[in-house]
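Notes for the one structure printed next.
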Amino acid sequence: MTRGSGNGLHNKTVSAAREIAFHILERVHAGGYASDLLRSATVELDPRDAGLAEALVFGCLRFQAQLDFLIARFSSRSSASRSGRKLDEEVRIALRMGIYQLRYMERIPAHAAVTESVELVKRARKRSAAGFVNAVLRKVDRNPAAWPDLATELSIPAWILERWTAQYGADVAERIAAAALQEPEDAVNPATGRRQDPGSQSIVPLLQIQPGMTVLDLCAAPGNKTAQAIAAGARVVAGDRSLVRLSEVPGAAMRVVLDGSAPLPFSVRFDRILLDAPCSGTGTLSRNPEIKWRTQPHDILRFPPIQGSLVERALPHLKPQGLLVYSTCSLEREENEDVVAGFAVVKTHLRLPGRDPGDGFFAAVIAAP
């Protein structure tokens, strides 16, 4: 992947891993999701390059606040500083990647981290910033940083940390944020053989499925919980809003395209209903770190009306003495306890990153009306 530097005199090479990581981070900034983009972009890479691309993408996203502080710190000491001008996103991404390699990773040659970051800026048509990037990265050291505040140290937006502190207390809030800086556990559900986070695995047992029971799994994609219900002996109807989303749902389920917020297309009732509702995803920041930079306070309030409507639409399809489990991978009270407050809640279930293994999850077991 060699390309001319522009004047025809110097050819610089950028590794496939770094080039892919750079472009994925650009696309994440534009609204994409890192896991999905990495899955498609690294399929033909050798494992070593794929691993480096993944480490760069997730490392830059998890530690973004720290990296941006370090950019400001090292650029202010550089004669090439841009006098406080806002950095172009391509320049900022290249600097984050370079600093992450130089300070956070082992066995990365410093010259490769610097020269390839500079070349990435040139290829992004930001050639005028190449000298600035070179000067900043050559200032980078591994000396401990004096972070300006706890939010920067934990690389979390201050408003999220404040919200969690109010809801869970300072110690738990800090542990949740710190857990989001760690690589997620790569767990396999022994009952299904599928990769599935430990927190996700904890939801289906709340249904108390007995063999032969009928289960409606609304919002079923990607089908991990559907597979759990099938493994427990249930006859499962799995619904989601498109065939594409249902493609990974086990074929042993009856798959139905539906909109859970509209009247459901069933004339029968079910012994159990699983409603794994769309949510802000704030319990999955280790796995989906872009969420913490993308989500704004008003986004939290966007989901509860949708979630409440889903429960109201689903409950009439529950048999007498049946159970509905409402679950989210959100840590926000507005999406959890507040949504189910008006229903016949039998018990609630909460898993917190940093306290419990895996992602954060909330669930409420709701009795039939």
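The values are calculated or read from the model by the stated rules, or taken from the named source; none is laboratory data. What you see is a predicted model; the values in this text were computed from it and never measured. Every residue, glycine among them, receives a Cβ derived from its backbone with ideal geometry; neighbour counts consider all protein chains shown. We work out accessible area using only protein heavy atoms, side chains counted, and drop any ligands, DNA or RNA first. Shrake-Rupley method; radii C 1.70, N 1.55, O 1.52, S 1.80 Å.
Details
- Residue in region 133-177 that is surrounded by the fewest Cβ atoms within 10 Å (Cβ to Cβ), counting only those that are under 25 Å from the mean Cα position of the chain (by Cα), under 23 Å from Asp88 (Cα atoms) and among the polar types (S, T, N, Q): Thr152
- Region 295-307, residues that are surrounded by 15 or more Cβ atoms within 10 Å (Cβ to Cβ) and in a helix (DSSP H, G or I): Ile300, Phe303, Pro304, Ile306, Gln307
- Those residues of region 308-367 which are open to solvent by 10 Å² or more (accessible area, probe 1.4 Å), part of a strand (DSSP E or B) and more than 22 Å from Asp197 (Cβ to Cβ), in sequence order: Lys319, Pro320, Gln321, Leu323, Val345, Val346, Ala367
- Pro198 vs. criteria modelled with pLDDT of 95 or more and open to solvent by 70 Å² or more (accessible area, probe 1.4 Å): no
- Pairs, first outside any helix (DSSP H, G or I) in region 15-26, second open to solvent by 20 Å² or more (accessible area, probe 1.4 Å), C-beta under 8 Å, six or more apart: Ser15/Met1; Ser15/Asp49; Ser15/Leu52; Ser15/Glu116
- Whenever a residue of region 76-102 is modelled with pLDDT of 85 or more, its partners that are open to solvent by 60 Å² or more (accessible area, probe 1.4 Å) and part of a helix (DSSP H, G or I), lying with C-beta atoms within less than 8 angstrom and at least six residues away or across chains, give the pairs Glu89/His29; Ile93/His29.
- Region 39-54 - residue that is acidic (Asp, Glu) and in a loop (DSSP other than H, G, I, E, B) and, of those, least open to solvent (accessible area, probe 1.4 Å): Asp46
- Residue within region 140-161 that is modelled with pLDDT of 95 or more, more than 28 Å from Gln307 (Cα to Cα) and touching an Asp or Glu at 6+ places or on another chain (Cβ under 6 Å) present: yes
- The single condition from (1) over 19 Å from Phe362 (Cα atoms); (2) of a type in the set (Val, Ile, Thr); (3) without any contact (Cβ under 8 Å) to a residue 12 or more places away in the chain that Thr165 fails is (1).
- Just one residue in the set Asp217, Asp276, Asp240 is surrounded by 20 or more Cβ atoms within 10 Å (Cβ to Cβ), under 18 Å from Gly322 (Cβ atoms) and touching a Cys at 6+ places or on another chain (Cβ under 7 Å); that residue is Asp276.
- Selection of region 23-38 for residues being more than 14 Å from the chain's Cα centre (by Cα) and surrounded by fewer than 14 Cβ atoms within 10 Å (Cβ to Cβ) yields only Ala30.
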